[in-house]
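Reading through the C-alpha cells given below for one structure.
The values are calculated or read from the model by the stated rules, or taken from the named source; none is laboratory data. All of these numbers come straight from a predicted model, not from anything done at the bench. Here the Cβ positions follow ideal geometry from the backbone for every residue, glycine too, while neighbour counts run over all protein chains shown. SASA here: full protein model, heavy atoms, side chains in, ligands and nucleic acids out. Shrake-Rupley method; radii C 1.70, N 1.55, O 1.52, S 1.80 Å.
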Amino acid sequence: LRRLDLLTAEEASRVQEASSLPEQVRVVVDVLAGKGTYASQSLQSFIESTNSQLYLHITVYEPMVQKHLESLQSYYGNALETGPLQRLRNLLLVEGLTDLQQKEHDILQIEATKGLHNASKSIPLEKLFLPLSKVSIPPRISVTIGVAGIGKSTLVKLFVYTWAKGEINRDIIFVLPLTFRELNAYEKLSAERLICSAFPHITEPTCISAGAARTLLILDGLDEFKTPLDFSNTVICTDPKKEIQVDNLITNIIRGNLLQEASVWVTSRPTAASQIPGGLVDRMTEIRGFGAAEMKDFLDQMFLDNKDLSGQVLQHIRANRSLHVLCTVPGFCWISGSSIAYYLKNSTDQPQETTPVPKTLSEIYSYYFKMALSNDWPEKPRETLRIEQAVGNSKKIVGSLGRLAFYGLLKKKYVFYEQDMKAYGIDLALLQSSLGSRLLLKEEKQSFTVYFFSHLTIQEFLAALYYYTAAKRAIFDLFTESGMSWPKLGFLNHFKSAVQRSLQAEDRQLDIFVRFLSGLLSPQVNKLLSGWLLVKDEHNSFRSQASSFLQGCLNTDCVISSRTVNTMHCLYEIQHMEIAKTVEDAMKTESLAGMLTPMNCSALAYLLQVSDACMEETNLSSCLTYNICKSLLSQLLFCHNLRLDNNQFKDNAMELLGSVLSVKDCQIQKLR
C-alpha cells in the first residue's frame, strides 16, 4: 500500500500498531474512505491479486462485523438500565466455589457471609478476558457467579454495549451474547446454526467456527437452563455443522471440542455454576453487592423526586441488620425499598403500634404484593378497577401464578414458555393486566415468548401463598403434582410435610419458600393481606401448633447446620421469638454458661447472623464445652471477631478450631 502511494508513513505505522489482521483492515478502510474512488479501486485490485484472506476480510467479514456492531449497539443501548453501574466495572477474582456457594440457597449465602467477601483481588471489566501477567495466556473459559438479582444480566449488557462502542477489548472481533432462556427453545443445534439463528446477519459462521476471527461467546444465566449439564457423559462432537442435543452442544463448546478458538463467558447463580468442573474453568469472578454509598445512590435513584423518602427508607433498612445485609443485592433492595416506601406513605396517619415497620421477609413481601394489588405502583396502572373487581382478579391471578410458581420451584424451573402457561391453565389475557405484568415479566423473542418472575423470591412467595391456600382443602400430598399419594388431611399435616421436605432436601431450594409459608401464619401478615389474599384471623387456628412443631425440629441436631438456622428464621417469620430473646439477653449479660441446650444453641447460631450484639465482636467467653464448640463449628466460620477465652479448651478443641481456620469459607479475622 505504501508502494502504491495509498498510505503515508504515518498512516502505515497506525496500521502496524493494530493488534490483529481484522483490526488492521478496519484501520485501512477508515483511512482510505476519505481518499476517493481511485484509492478504493487500487486497494481492491491489489488485494484480489495478492491476498485472498485479506480480500475476504474486506469484502465479506468487515461488512458483517459492522452490521453486527450496529445491531448490538441498537439493542443493548436501549436495554441497558440506568442507575449506579460502577460496581459492575470491577469484579472479584475468586478461586473456585466455596462449600456454602455450592450447597446453600442464595439468601442463606448472603446471610451467612453478611454480604461480605473473602476475595482480596479484583479485576476491571476491560481486563476480564486478558492475561493476568505477561507470561500467562488469556482465559478460554470464564465463569462469573452472583446470587439472584445481583446484576449478572446487567453486567453482560454493560460489557456488550461498551465493547460495541469500541471502548474495550478491540482485539475481539465478534462478541456473541446468548441467554440460556433462548437455548431452552431448541432441542437440537449445531455450533454454526447456534450462531446463525441468534445472529442472522452473520452469513459466514465459518469465520468463527474455524477461528479466523477472535470471538467471545457469552452464555448468560446457566441457572435458567432446562437441562442439567453432564460433563461426565459428554458425547464428543467436533463437527461445527452437526446437529446435536443442546446440552451436549454446550458441554462440547466448554470442553473445547467445538469453537476451540473462541473464548466462552458463562454467568450463573453459584449453585448452578458447580455443574461445570473446576478443571475446565480458567477464570472465575464474582459480582459484589452494594457498599454503603452504592445502596444510598441506588435508593436515591429509585426516589428521584423525593429525597426525604429515600433517606427514611435507608434509615429503616439500616435499623434492621438482617434486612440491611440482604439489601446489598440490588434486586432485593428494590423490592424492600419499594415496600418500605409504600408502608411509609400509607402509615402517616396511623400510630406505629397498629402498623409497625415491616421487619420480616414475609412482611416486606406482603407490603410489596399489597402495593402490586393497589393503584400505588410506581408506574400508572393500565386499567382502573373497582375494589371488589380488583380483589377477584388478584385472587385469580395469584392462584394460577402461585401453582406455576410452586411446581416450577420443585422442578428448579425459573423460566416459562407458552406451553407451560397452557399446562397450568393460565389465561394469557389475565397476564396483560397490571397485576400480572408486575409479578411475571415477559420477554418477546423472534419465534417465542419467555415468562419469568421479576425475582426468585417473588416466585417463592407466590409458591408459599398457593401452598398455604391449597393446604387448607387438599386431601393428597401437594408435593406430588399428579395427586397420587397417601391421603394427607388438614393444614398442619401439609405444613409439617413442607418443613420436613425442606430439612431433607439436599439442594436447599425450599428454605425461603418454607420461611414465607411460616410467615403467612403471623398476625401482622394476616392483617396486611386479609380480604385480598388471606382470610381474616384464620392463622389463629394453626400458629401455636406450627410454632411447636418448628421448635421440635431444633432438638434433633447434634450439629447446628444452616438447616437449623433456617428453622429459627421460620420462627422469626411466624413471630415466635421467645427462645432467641432469652439467649440474646444472656449474651448481653455474659451469662450463657450452663444454658446452651440444643435448642438454645440453635438460637445462638441464628443470633450470630442477625444480632447487633455480635456485630462488632462475638463474645462466647466462659460458656463453651468441646461438644458445644463442635456443634457450632460450621456457624463460627462466619464470625469476623471471635472471643473464646476462659473456655478451658484442651488440645481436641484447639484442633477443631485449627481445622476451621483453613476452610475456604472461613471469615474469622480476629480470634481471642
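Brief remarks follow.
Here is a yes/no grid of residues against (1) touching a residue at least 12 places away in the same chain (Cβ under 8 Å); (2) closer than 16 Å to Ile218 by Cα; (3) of a type in the set (Phe, Trp, Tyr):
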| site | (1), (2), (3) |
| --- | --- |
| Leu258 | yes, yes, no |
| Val264 | yes, yes, no |
| Pro270 | yes, no, no |
| Ala273 | yes, yes, no |
| Pro277 | yes, no, no |
| Ala292 | no, no, no |
| Phe303 | yes, no, yes |
| Asn306 | no, no, no |
| Val313 | yes, no, no |
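Conditions tested, residue by residue: (1) among the acidic types (Asp, Glu); (2) out of contact with any His (no Cβ under 7 Å at 6 or more places or on another chain).
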site	(1), (2)
Cys629	no, yes
Cys639	no, yes
Leu644	no, yes
Asp665	yes, yes
Gln669	no, no
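- Matching residues, segment 474-501, being more than 16 Å from Tyr407 (Cβ to Cβ) and within 27 Å of the chain's Cα centre (by Cα): Val499, Gln500
- In the condition set (1) open to solvent by 20 Å² or more (accessible area, probe 1.4 Å); (2) modelled with pLDDT of 80 or more; (3) small (Gly, Ala, Ser), Gly392 is compliant with all but (2).
- If only residues of segment 553-567 that are of a type outside the set (Asp, Glu) and open to solvent by 40 Å² or more (accessible area, probe 1.4 Å) are counted, the one that is nearest to Ala464 (Cα to Cα) is Arg563.
- Total residues in segment 81-118, condition modelled with pLDDT of 90 or more, charged (D, E, K, R) and part of a loop (DSSP other than H, G, I, E, B): 1
- Pair list, Cβ under 6 Å, 6 or more apart: segment 26-37 residue without any contact (Cβ under 8 Å) to a residue 24 or more places away in the chain, other residue surrounded by fewer than 17 Cβ atoms within 10 Å (Cβ to Cβ) and in a helix (DSSP H, G or I): Val27/Arg14
- Qualifying residue in segment 130-143 (condition: among the charged types (D, E, K, R), closer than 25 Å to Gln260 by Cβ and in the same structural domain as Leu222 (by the TED database)): yes
- Residue match in segment 519-539 (condition: among the small types (Gly, Ala, Ser), assigned to a helix (DSSP H, G or I) and out of contact with any Leu (no Cβ under 6 Å at 6 or more places or on another chain)): yes
- Residue that is most open to solvent (accessible area, probe 1.4 Å) [pool: residues in segment 408-423 that are farther than 12 Å from Phe513 by Cβ and part of a helix (DSSP H, G or I)]: Lys422
- The set of residues from segment 432-469 being open to solvent by 10 Å² or more (accessible area, probe 1.4 Å), part of a helix (DSSP H, G or I) and out of contact with any Lys or Arg (no Cβ under 7 Å at 6 or more places or on another chain) comprises Gln432, Leu435, Ser437, Arg438, Leu456, Thr469.
- When Ile195, Ile172, Ile218 are checked against the criterion of being part of a helix (DSSP H, G or I), open to solvent by less than 10 Å² (accessible area, probe 1.4 Å) and touching a Leu at 6+ places or on another chain (Cβ under 8 Å), Ile195 stands alone in meeting it.
- Any hit, segment 531-540, residues being modelled with pLDDT of 90 or more and either out of contact with any Ser or Thr (no Cβ under 6 Å at 6 or more places or on another chain) or surrounded by 15 or more Cβ atoms within 10 Å (Cβ to Cβ) (or both): no
- Subset of segment 108-139 [open to solvent by 30 Å² or more (accessible area, probe 1.4 Å) and touching a Pro at 6+ places or on another chain (Cβ under 9 Å)]: Leu130, Pro131, Leu132, Ile137, Pro138
- Among the residues making up segment 575-599, a single one is polar (S, T, N, Q) and surrounded by 19 or more Cβ atoms within 10 Å (Cβ to Cβ): Gln575.
- Inclusion of Thr449 among residues that are in contact with a helix residue (DSSP H, G or I) (Cβ under 9 Å, 6 or more places away or on another chain), closer than 30 Å to Ser497 by Cβ and among the polar types (S, T, N, Q) is not warranted.
- Lys152 passes every criterion in (1) at pLDDT 95 or above; (2) farther than 27 Å from Cys333 by Cβ; (3) basic (Lys, Arg) apart from (2).
- Search result, residues across segment 323-350 that are in a loop (DSSP other than H, G, I, E, B), buried (at least 21 other Cβ atoms within 10 Å of the Cβ) and hydroxyl-bearing (Ser, Thr, Tyr): Thr328
- Summed over segment 97-107, residues that are aliphatic (A, V, I, L, M) and surrounded by fewer than 21 Cβ atoms within 10 Å (Cβ to Cβ) total 1.
- Test: Cys629 is part of a helix (DSSP H, G or I), modelled with pLDDT of 90 or more and farther than 25 Å from Val499 by Cβ: yes
- Among (1) modelled with pLDDT of 95 or more; (2) crowded, with 23+ Cβ neighbours inside 10 Å - the single one His316 does not satisfy: (2)
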